[in-house]
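Visitor: I have a structure here, written as structure tokens, and I will follow up with some questions on it.
Taken together, the values in this text are just the output of simple stated rules run on the coordinates, not laboratory data. In this text, all values refer to a predicted model and were calculated from it rather than measured experimentally. Don't worry about glycine lacking a Cβ; one is built from the backbone with ideal geometry, like all the others, and counts go over all protein chains shown.
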Amino acid sequence: MSGLVKLLTVVGILAMLAGCYEQIPPTTNGKILTPNGYKIETIPPSRTWVGWREELVLLDKSVKMYKEPMTILMRDKLELSFDVKARVRIGGSDDIINAMFDDITPRVLPNSISSGHKIVPINDVYTTYGRMLVRNVSRSVVSKYSIDDVNTNYENINNEIRLLLMEAFKTIPLTLDDVALGGLAYPDVVTRAVEQAKERQMGIEKEKSQVEIELTKKRGAEQLANADYRIRMIQAKTIRDENKMVSEGVTDKYLAYRRLEVQEKMAEAMRSNGNSTVFMPYEALPTVGSNVRIMSGK
């Protein structure tokens, strides 16, 4: 029995000396560190063999968003504050990754996915390579503009920063997924000027609206006046036409006839009142000098 135990002990020691399989967790890659340095290959998440006197070192491959607050002097000598947000992850060719280990020392992080292994955190890589690049490129692009040009050229500024950083990140152990300019904070003098311009514009629009209201009222009053005028003209024309028709119908014969009718009615009225006075029309007495001759019945 003791011989078997010794045999198993020897086998275990040999296995330990030979190496073992270790797990590379998700969102990490692995690099094997040998006594002669790092192997060239970068290993994706998997179980990998780690030989005797070798060590598994992890790379943090998670994607992180970083925000760089900046205040720069613009072309017109005014200061603009803004944020540059960059979404990055560790990446690059094997040569770039291997060269990174000359600048960054892996370390064990408590309560991390490294499970006790040494790891190269993405924060360390971004601080070492990415931050200064993001800030310098953003400053060089934005500072070419004046404050007034920023809003009208916002998309152009974003695109220029993105293209320059995408190219620059090819030389460092980071991959840039996206970058965006935001959090624009203009100087107080610009903000006040914009507010005053807005107030003036609102005043102009208000005045235009009031003028339009008054014009609408005037147009309505004009339409009513025109309608009243047309009505009065129609009424006047009606009266004129009636008068014309009446004047055309009033002849000498008609007037004589009307006089006779009036005299007849007067005579009837007097007779009905017991008065025997006789009314004789002028036309009936050729020698009479007045229109009517009155003859007494007595």
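Visitor: So for each of 142-155, 47-60, 257-270 I average, over its residues, the number of other beta carbons within 10 Å; can you give me the resulting order with the highest mean first?
Guide: On the way: 142-155: 14.6, 47-60: 16.3, 257-270: 12.4.
So the peptides 142-155, 47-60, 257-270, ranked by packing, come out 47-60, 142-155, 257-270.
Visitor: Once amide H atoms are placed 1.01 Å from N in the peptide plane, what residues at a sequence separation of 5 or more from Y145, or on another chain, have their amide H within under 5 Å of its amide H?
Guide: R75
Visitor: Taking a cut-off of 22 Å, what percent of all Cα-Cα pairs in region 124-196 are separated by more than that?
Guide: Working: 844 of 2628 pairs.
For region 124-196, the share of Cα pairs beyond 22 Å comes to 32 percent.
Visitor: Considering the convex hull of the alpha carbon atoms of region 49-113, report its projected area averaged over all viewing directions, in nm², one decimal. Could you put the intermediate results ahead of the total?
Guide: Numbers: hull surface 31.4 nm².
Quarter of the Cα hull surface area: 7.9 nm².
Visitor: What is the set of long-range amide H partners of G30 at a cut-off below 5 Å, with H atoms built 1.01 Å from backbone N?
Guide: Excluding prolines and chain starts, which carry no amide H, the hits are I43, L59.
Visitor: Hey, which aspartates and glutamates would be in cross-link range of K77, C-alpha to C-alpha under 17 Å, not counting anything within fewer than 8 residues on its own chain?
Guide: Those aspartates and glutamates meeting the cut-off are D148, D149, D188.
Visitor: Report the normalised scattering of region 25-142 as log10 I(q)/I(0) at q = 0.12 Å⁻¹, calculated by the Debye formula with identical scatterers on the alpha carbons.
Guide: -0.53
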